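Enquirer: Pasting a structure here, questions to come.
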Amino acid sequence: MKKSQTVFIAILFIGLMGLPFLGSEYAVDWMTKTLIYGIFALSLELLVGTTGLVCFGQAAFFGIGAYAVVKISADLGAPDAIYLLPISMLLAGLYALFVGALSLRTKGVYFIMVTLAFAQMAYYVIHDTPIGGGTDGIYLYNKPLLFGWSISSSLEFYLFTLGCLFFVFALLGLITHSRFGRALSGIRINELRMRAIGYETYNYKLMAFVISGMIAGLAGYLFAVKDGFVNPELLSWHLSGAVLIMIILGGLGHLRGAFIGAFAFALLEEFFRSEAIFGSFAKYWHLGLGLSIIFCVAFLPRGLFGIPSIWQSKLMGTKNSTLEDQE
Amino acid sequence: MDFSTFLIQSLNSVQYGLLLFLVAAGLTLIFGIMGVINLAHGSFYMMGSYLAFALSPMVAEAFGGGLISTFIIGIVIAIILGYILEWMFYSYLYERDHLQQVLMTYGLILVIEEIRSILVGDDVHGVAIPEWLSASIQLSEVMTYPVYRLFISGVCILLALAMFFVLSKTKLGMMIRAGSVNREMIQSLGVNIKFLYRIVFAAGIAIAAFAGMVAAPVSSVYPGMGQGVLIICFVIVVIGGIGSIKGALIASLLIGFIDTFGKVLLPEVAGVLVYVFMAMILLWKPSGLFKAGS
């Protein structure tokens, strides 16, 4: 890991650890949601930012992770995250294996549409069949323990989520700087060349897809336990779009960018939904969100993370590139 | 399933498939020629339905009714809107990568949906079938079939034929096809490519909106109706092969059949069937049934 990234993560985690001791209950709850978004965004960053695969069905893995914990824990008295969490991730990963194996046979815009269509397939299975309990969703009756401890208070759960985010950050940091991760970057830049020098690029991409799906499943697990409730909207393509926006908003090609984007997205959502600012117009908050997205694509193609380098190039007249930073 | 049920469901399948084709063809046109992946395409379908809902009472008051005049006014509005939207948003997307196209058009969906919500609210509406089309045909002693659905099929077939004719037989169609292969070349031949694109785009949107208008009396008008259609149309484009209008037509009819008969025979898994079908096609032919240019 590069030094600037290590410093960023260190400062971030010290700051986040301190938050509950300053903020209100509401702030902790909001921050927990944002951290989960962060994990979710990181999962997609591995695909889009690192490997160059634009997946538009990430919400399916998120939703499957969320539904798995609710469905499995329903029959158990005091389920434990120690096995529930891996099972959730595994189920999300299995679906990712299925979707990836098929959709990776296609390329470019086909890939975008096929991943979207398979996510819709999962959505309809949950929405229409008795498995998912229909539109109304299901409640989580037995909150999972962690090694036998109950992590039911919002503070404890916040710290647990923070730990998960740290774990995902570290894992993805290791992956992107390993041989495997470099191969993924190579695939993003020129897949044909990677194939020519002897990489089975399909297998690499599939592996990245499954890892990404499992991390999205982890985010889904956390989301379901946090709210104690799941509904089919967790698999909807709106969420897949939202998570894509998060990583673009932050800036592609950086793990930090994904987290910053998730945070910025959560702030935007909070801002446009705030009745204190917009009054009764706040119920049309999608309008503001949609306009900000259009604005962001038009004027910040490299995301928030790219702003300093835009300033730098304006001030110094030098050119900086973002994606290449990682190589 | 007896024969007359089968017949009715077949007619419904064809009607649904043809309707989907109109939306998918616009999507194929915009993607195949301009290289823009337009997520907001379904929103234009929805816009068409709402136009039909909003315009028909006004037209009735001004001209004393008439579905056809409603359609014509609606199409004109859709073309103007498409022209403006191309100028404001889409013209910047041609040079951008797919990811940014996806994002900007996703943002556009949110904006269009909310503007609709502000203007007409979130209620479900119905649009009346005009009297001269509201009859039914007697298929057997107990089964009847509404004329309006036949009317939809007929109109869709006419429009599809017109589209095929324009694309394959006229000079405009030749320029459009040439533009999709090599933009610089056709520009250097003296064709105003920017204007050509704007027209194609406006036409694609108008066709989607028209599909929404014709469908309005059958499917009723409700928020979010465009998104379901959009994703089905993506499936159609993937199955048919990107850029192939013929592929889009065949895939639309197949999907129409699968969806309609699925809802009758296997109602519990009907929503999934279409995607299972897509998965099977992809296993067999990863780039669709009719890859453009092959």
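Enquirer: Considering only A:Q5, A:I39, A:Y83, whose Cα is most displaced toward the positive end of the charge dipole of segment A:1-144, charges sitting on Cβ of Lys, Arg (+1) and Asp, Glu (-1)?
Expert: Farthest towards the positive pole: A:Q5.
Enquirer: Can you work out the FRET efficiency for the pair A:T6 and B:S220, with r the C-beta to C-beta distance and R0 = 60 Å, to the nearest 0.05? If you can, show how the numbers build up before the last one.
Expert: Numbers: r = 57 Å, r/R0 = 0.95.
In this case the efficiency is close to 0.55.
Enquirer: Just tell me how shielded B:269-280 is by partners: mean number of partner chain Cβ atoms within 10 Å of each residue's Cβ, no decimals.
Expert: Working: counts 4, 2, 8, 9, 2, 4, 10, 1, 0, 7, 8, 1.
Whole-number average of other-chain Cβ neighbours for B:269-280 is 5.
Enquirer: A:K33: which lysines have alpha carbons under 26 Å from its alpha carbon, excluding same-chain residues fewer than 8 sequence positions away?
Expert: Once the sequence-local lysines are set aside, what remains near A:K33 is A:K71, A:K143, A:K226, A:K283.
Enquirer: Comparing A:G279, A:G163, A:G49, which has the greatest mean-square fluctuation in the GNM of chain A with Cα pairs linked when under 10 Å apart?
Expert: Looking only at A:G279, A:G163, A:G49, the biggest GNM fluctuation is shown by A:G279.
Enquirer: Computed on protein heavy atoms with a 1.4 Å probe, what is the summed buried accessible area for the chain pair B and A, in Å² to the nearest 100?
Expert: On the way: alone 14560 and 15700 Å², together 26370 Å².
In total, chains B and A hide about 3900 Å² from solvent.
Enquirer: So which GluC sites (Glu not before Pro) in segment B:127-195 end up in coil per DSSP with only 11 or fewer other C-beta atoms within 10 Å? The partial results should precede the final answer.
Expert: Working: sites: B:E131, B:E141, B:E184; in loops: B:E141.
Listed in order of number, the matching sites are B:E141.
Enquirer: Now a separate question. Rounded to the nearest Å, what's the spacing between the alpha carbon centres of segment B:155-198 and segment A:117-176? Just the number, please.
Expert: What the calculation gives is 49 Å, centre to centre.
Enquirer: Let me ask something else. Figure the gain on full extension for A:L94 and A:E233 (residue separation times 0.36 nm, minus the Cα-Cα span) and round it to one decimal in nm.
Expert: Working: separation 139, 0.36 × 139 = 50.04 nm, distance 2.06 nm.
Full extension from A:L94 to A:E233 adds 48.0 nm.
Enquirer: Assigning unit charges at the beta carbon (Lys, Arg +1; Asp, Glu -1) and nothing else, what dipole magnitude in debye, to the nearest 20, does chain A show about its Cα centre? Don't jump to the answer; show the numbers that get you there.
Expert: Numbers: 20 positive and 18 negative charges, 239 e Å.
Dipole size: approximately 1140 debye.
Enquirer: While we're looking at this one, here's another question. I'd like the distance separating the alpha-carbon centroids of segment B:243-287 and segment B:95-146, in whole Å.
Expert: 21 Å
Enquirer: Same structure again: Please sort B:17-28, A:303-314, A:53-64, A:109-120 by packing, taking for each peptide the average over its residues of neighbouring beta carbons within 10 angstrom, highest first. Each step should come with its number before you reach the end.
Expert: Numbers: B:17-28: 27.5, A:303-314: 15.4, A:53-64: 29.5, A:109-120: 25.1.
So the peptides B:17-28, A:303-314, A:53-64, A:109-120, ranked by packing, come out A:53-64, B:17-28, A:109-120, A:303-314.
Enquirer: Under a 10 Å cutoff between Cα atoms, tell me which one of B:Y45, B:Y197, B:Y94 has the largest fluctuation in the Gaussian network model of chain B.
Expert: B:Y94
Enquirer: Please report the carbon-and-sulfur percent of the accessible area for chain A; probe 1.4 Å, protein heavy atoms only, DNA, RNA and ligands left out.
Expert: On the way: 9320 of 13770 Å².
C and S fraction of accessible area: 68 percent.
Enquirer: Using the Cα centre of the protein assembly as shown as the reference point, and only Cβ charges (+1 on K/R, -1 on D/E), how large is the resulting charge dipole? Debye, rounded to the nearest 20. Let's see the in-between values first.
Expert: Numbers: 33 positive and 32 negative charges, 458 e Å.
I would put it at about 2200 debye.
Enquirer: What number, rounded to the nearest 500 deg cm²/dmol, is the helix-based mean residue ellipticity at 222 nm of the protein assembly as shown, given -39500 (n - 2.57) per DSSP H run of at least four residues and division by all its residues? Don't skip to the end; give the middle numbers.
Expert: Values: 25 runs with 449 residues, N = 621.
Here the helix-only value at 222 nm equals -24500 deg cm²/dmol.
Enquirer: Give me a single rounded figure for B:230-240: the average over its residues of other chain Cβ atoms within 10 Å of their Cβ. Each step should come with its number before you reach the end.
Expert: On the way: counts 2, 7, 2, 1, 9, 6, 0, 3, 10, 1, 0.
Average neighbour count from other chains, rounded to a whole number: 4.
Enquirer: Here is a further query. Please calculate how many Å² of accessible area the protein assembly as shown carries per residue, with a 1.4 Å probe and no DNA, RNA or ligand atoms counted.
Expert: Numbers: 26370 Å² over 621 residues.
Here the residues of the protein assembly as shown average 42 Å² of exposed surface.
Enquirer: For every other residue with a beta carbon closer than 14 angstrom to the beta carbon of A:M113, add +1 if it is Lys or Arg and -1 if Asp or Glu, then tell me the sum. Walk me through the numbers before you get to the answer.
Expert: On the way: positive: A:R105, A:K107; negative: none.
Local net charge: +2.
Enquirer: Tell me the accessible surface of A:E233 in square angstrom (1.4 angstrom probe, heavy atoms of protein chains only), to the nearest ten.
Expert: 90 Å²
Enquirer: List the residues of segment A:263-303 for which accessible area in the full set of protein chains is at least 20 Å² lower than for the chain on its own; 1.4 Å probe, protein heavy atoms only.
Expert: A:Y284, A:H286, A:L287, A:G290, A:I293, A:I294, A:V297, A:A298, A:P301
Enquirer: Next question, about the same structure. Go ahead and run the numbers for FRET between B:I118 and B:S69, Cβ-Cβ distance against an R0 of 35 Å, rounding to 0.05. Display every interim value, and only then the final one.
Expert: Numbers: r = 27 Å, r/R0 = 0.77.
Efficiency, from the Cβ-Cβ distance: 0.80.
The values are calculated or read from the model by the stated rules, or taken from the named source; none is laboratory data. It should be emphasised that the depicted structure is a prediction, and the values quoted were computed from it without experimental measurement. Please note: Cβ atoms are built from the backbone with ideal geometry, for glycine as well, and neighbour counts cover all protein chains shown. In case anyone asks, the SASA skips ligands and DNA or RNA and just uses the protein heavy atoms, side chains included. Shrake-Rupley method; radii C 1.70, N 1.55, O 1.52, S 1.80 Å.
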